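Read through the structure below, which is laid out as structure tokens, and then see the notes.
The values are calculated or read from the model by the stated rules, or taken from the named source; none is laboratory data. Keep in mind that what you see is a predicted model, and the values were worked out from it rather than measured. Every residue, glycine among them, receives a Cβ derived from its backbone with ideal geometry; neighbour counts consider all protein chains shown.
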Amino acid sequence: MPRASTGRPTGGLLSRLGSRMYHDTHRALRNVARDIIPQGLKLRLRYLAQYPSYQMRLWRNFQYDKRRFAHWSSADGRPERRQQLQAWIGADYHKIEKALALRHPRPGFGRGVVTRLIDNLIRYQNEFGITPEPADIVPNNIIAERQTYRPGDSPPHQAIGTDDVVHIALKTIEAYLRFNREHGIEYPFLRRKLDQIAEATAARHAPHAGRAHRAHRAHREERHGQPLGQQPAALGGDGAPEATSPAHVGGGTHDIRREQVLAHARRDLAPFFASRHSIRQFAPDPVPRALIEQAVVMAQKTPSVCNRQTSRVYAFDDPIERRQVLACQRGNAGFGHEIQVALVVTSDIEAFFTVGERNQCWVDGGMFAMSLVYALHSLGLGTICLNWSVEYPLDRRLHTVAGIPASQAVIMMIGVGFLPERLRVTQSPRKALDEVLHWGMGPDE
Ligand SMILES: Cc1cc2nc3c(=O)[nH]c(=O)nc-3n(C[C@H](O)[C@H](O)[C@H](O)COP(=O)(O)O)c2cc1C
């Protein structure tokens, strides 16, 4: 059978000799080049040879990021999907609650924002409907009393369900109207629009809403030991009628005392920070899922832009899945097999709606990941941050392998496991303080 042509001399003594001469000459020329071409020039030539492919890769990866942001965000000014509209609603109600939390809010502030917010709520109601029963929400006064989360508990912060951002927005608007009424300003047209939403919600869910909602309230009252009608001001339930959304859904502002904060905040965290190391040797013990849940709940308190909470965590403790996920990551060679749980932290791009927010997912997701690492550390678990500094083909592959929606950017992975009795960690010294911390504006360059 004729051999496939390799482009080199083949077959027979002559051609073998020819091949030999070809290789010898090639090697000799390469050696001469290596000896006579100066190192600097060689580097320059290599740089020039690689430059076009570098530019092409850079362009393709930027295109990938750009297309993803353009497709999933609503920066084009047209929030069409449910998540996108929720982000607009969330950002607007947050503007109002932020202003209400100022020392001296200006009566009559933010009328334009509230009008847009209500119009978006009406649109949300028309296009997706508003589910009347909110998720189980822990009142803030209970949060302050409880310091630890026990598996199976409600999280130590207000948990919200899918449509509850809408209910929170409604509560915030009620707080806004109340504040203005106290200052002699009435907005009857806004009130009418709110009533319109309340009626539409009631009509849409009339056949089943009543029973489900009553059962939910009874469950909550039993759990938290207080009738829902007597919710504290913390939750916007300051005696105002429950016009459009249930009283226990948080929204607006609440007052706290300095001691409440300091009682939990003032502790020496330096040893806590110093005792966290990147762990590359894990114990073989499996990690209970409840510990991961507990850590994620703690990390959820991480601040995020307009409280949009875009971070998500995908956890893999099944050995086969874990291996498949870790196989996509390039920085766990030699220890990946010891990791007990592989976490993938992502950020949902659908929550972003301005061009300026094109990099926000990395900030919010990165901050969330850091909280998660410290939360896991506080629960006695070792962690290793695993970079997701990859190009788009690998990013696509991980999305497919791990079943992560295309609308979410992968921020990083975190390997988790218990610590073995003895282990070795890197020293990883830190820079001098004056290299990191700069006071004031500094001299002109
Ligand atoms: C985003 C991020 C990605 C990282 N990726 C890896 C990785 O892929 N493999 C690894 O062994 N370490 C990784 N690390 C760990 C760093 O090397 C480590 O944090 C650093 O050297 C400081 O050491 P320390 O964490 O023990 O203080 C990563 C850290 C961060 C924050």
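Quick one: residue 371 ticks every box in (1) within 14 Å of the ligand (Cβ to nearest atom); (2) touching a Phe, Trp or Tyr at 6+ places or on another chain (Cβ under 7 Å); (3) under 27 Å from residue 90 (Cβ atoms) except a single one, so which number is it?
Unmet condition: (2).
Find all pairs meeting these conditions: Cβ atoms under 6 angstrom apart; at least six residues apart or on different chains; first residue within the stretch 322-334 and in the same structural domain as residue 386 (by TED's automatic domain parsing); second residue small (Gly, Ala, Ser) and surrounded by 15 or more Cβ atoms within 10 Å (Cβ to Cβ).
322/342; 325/342; 325/402; 326/336; 326/342
So how many residues does the stretch 53-91 have that are within 23 Å of residue 170 (Cβ to Cβ) and touching a residue at least 24 places away in the same chain (Cβ under 8 Å)? Reasoning before the result, please.
As a first pass, look at the stretch 53-91 and keep what is within 23 Å of residue 170 (Cβ to Cβ): 74, 79-91.
Add one more test, that the residue is touching a residue at least 24 places away in the same chain (Cβ under 8 Å), and what stays is 74, 79, 81-91.
Final tally of qualifying residues: 13.
Might you let me know whether the stretch 399-408 holds any residue that is within 16 Å of the ligand (Cβ to nearest atom) and not acidic (Asp, Glu)?
no
Give me the pairs: first residue in the stretch 92-111 and under 18 Å from residue 185 (Cβ atoms), second residue exposed (fewer than 12 other Cβ atoms within 10 Å of the Cβ) and charged (D, E, K, R), beta-carbon distance under 9 Å, and six or more apart or on different chains, which are they?
The qualifying pairs are 99/106; 107/182.
If I filter the stretch 283-296 for residues that are of a type in the set (A, V, I, L, M, F, W, C) and either part of a strand (DSSP E or B) or without any contact (Cβ under 8 Å) to a residue 60 or more places away in the chain (or both), do I get at least one hit?
Restricting attention to the stretch 283-296, the residues satisfying the condition of being of a type in the set (A, V, I, L, M, F, W, C) are 283, 287, 290-292, 295-296.
So of that shortlist, the ones also either part of a strand (DSSP E or B) or without any contact (Cβ under 8 Å) to a residue 60 or more places away in the chain (or both) come out as none.
There is no residue in the stretch 283-296 that is of a type in the set (A, V, I, L, M, F, W, C) and either part of a strand (DSSP E or B) or without any contact (Cβ under 8 Å) to a residue 60 or more places away in the chain (or both).
Considering only the stretch 345-356, state which residues are assigned to a helix (DSSP H, G or I) and buried (at least 21 other Cβ atoms within 10 Å of the Cβ).
349, 350, 351
For the stretch 316-323, does any single residue satisfy the condition of being away from the ligand (no atom under 11 Å from the Cβ), touching a strand residue (DSSP E or B) at 6+ places or on another chain (Cβ under 8 Å), part of a strand (DSSP E or B) and within 24 Å of residue 366 (Cβ to Cβ)?
Within the stretch 316-323, one or more residues are away from the ligand (no atom under 11 Å from the Cβ), touching a strand residue (DSSP E or B) at 6+ places or on another chain (Cβ under 8 Å), part of a strand (DSSP E or B) and within 24 Å of residue 366 (Cβ to Cβ).
Take residue 342 and tell me if it is part of a helix (DSSP H, G or I), hydrophobic (A, V, I, L, M, F, W, C) and closer than 21 Å to residue 374 by Cβ.
no
Which of the numbered conditions does residue 63 fail, given that it passes all the others? Conditions: (1) in contact with an Asp or Glu (Cβ under 9 Å, 6 or more places away or on another chain); (2) polar (S, T, N, Q); (3) more than 16 Å from residue 197 (Cβ to Cβ).
Unmet for residue 63, out of (1) in contact with an Asp or Glu (Cβ under 9 Å, 6 or more places away or on another chain); (2) polar (S, T, N, Q); (3) more than 16 Å from residue 197 (Cβ to Cβ): (1).
Listed here are the residues, each with its yes/no results for (1) at pLDDT 90 or above; (2) acidic (Asp, Glu); (3) closer than 17 Å to residue 91 by Cβ.
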residue	(1), (2), (3)
145	no, yes, no
152	no, no, no
155	no, no, no
162	no, no, no
177	yes, no, no
181	yes, no, no
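Can you name the residue in the stretch 105-130 that is over 18 Å from residue 172 (Cβ atoms) and not in a helix (DSSP H, G or I) and, of all such residues, is nearest to the chain's Cα centre (by Cα)? Lay out the reasoning, then the answer.
Kept after step one, since they are over 18 Å from residue 172 (Cβ atoms), are these residues of the stretch 105-130: 126-129.
Subsequent filtering for residues that are not in a helix (DSSP H, G or I) retains 128-129.
On the way: 128: 24, 129: 26 Å.
Ranking the qualifying residues of the stretch 105-130, first place goes to 128.
Just wondering, is there one or more residues in the stretch 418-436 that are surrounded by 10 or more Cβ atoms within 10 Å (Cβ to Cβ) and either more than 15 Å from the ligand (Cβ to nearest atom) or in a strand (DSSP E or B) (or both)?
Kept after step one, since they are surrounded by 10 or more Cβ atoms within 10 Å (Cβ to Cβ), are these residues of the stretch 418-436: 418-420, 423, 425.
Of the ones still in play, those that are also either more than 15 Å from the ligand (Cβ to nearest atom) or in a strand (DSSP E or B) (or both) are 418, 420.
Yes, the stretch 418-436 has at least one match.
Scan the stretch 386-393 and tell me whether some residue there is outside any loop (DSSP other than H, G, I, E, B), within 16 Å of the ligand (Cβ to nearest atom) and touching a Leu at 6+ places or on another chain (Cβ under 7 Å).
No: zero hits.
Hey, any hits in the stretch 334-350 for a residue that's of a type in the set (A, V, I, L, M), over 21 Å from the mean Cα position of the chain (by Cα) and either at pLDDT 95 or above or within 14 Å of the ligand (Cβ to nearest atom) (or both)?
Taking every residue of the stretch 334-350 in turn, at least one turns out to be of a type in the set (A, V, I, L, M), over 21 Å from the mean Cα position of the chain (by Cα) and either at pLDDT 95 or above or within 14 Å of the ligand (Cβ to nearest atom) (or both).
Restricting the search to the stretch 73-113, which residues are touching a Phe, Trp or Tyr at 6+ places or on another chain (Cβ under 6 Å) and under 16 Å from residue 194 (Cβ atoms)?
The one that is touching a Phe, Trp or Tyr at 6+ places or on another chain (Cβ under 6 Å) and under 16 Å from residue 194 (Cβ atoms): 96.
Just need a number here: residues in the stretch 54-104 that are hydroxyl-bearing (Ser, Thr, Tyr), part of a helix (DSSP H, G or I) and at pLDDT 95 or above.
So the count comes out to 2.
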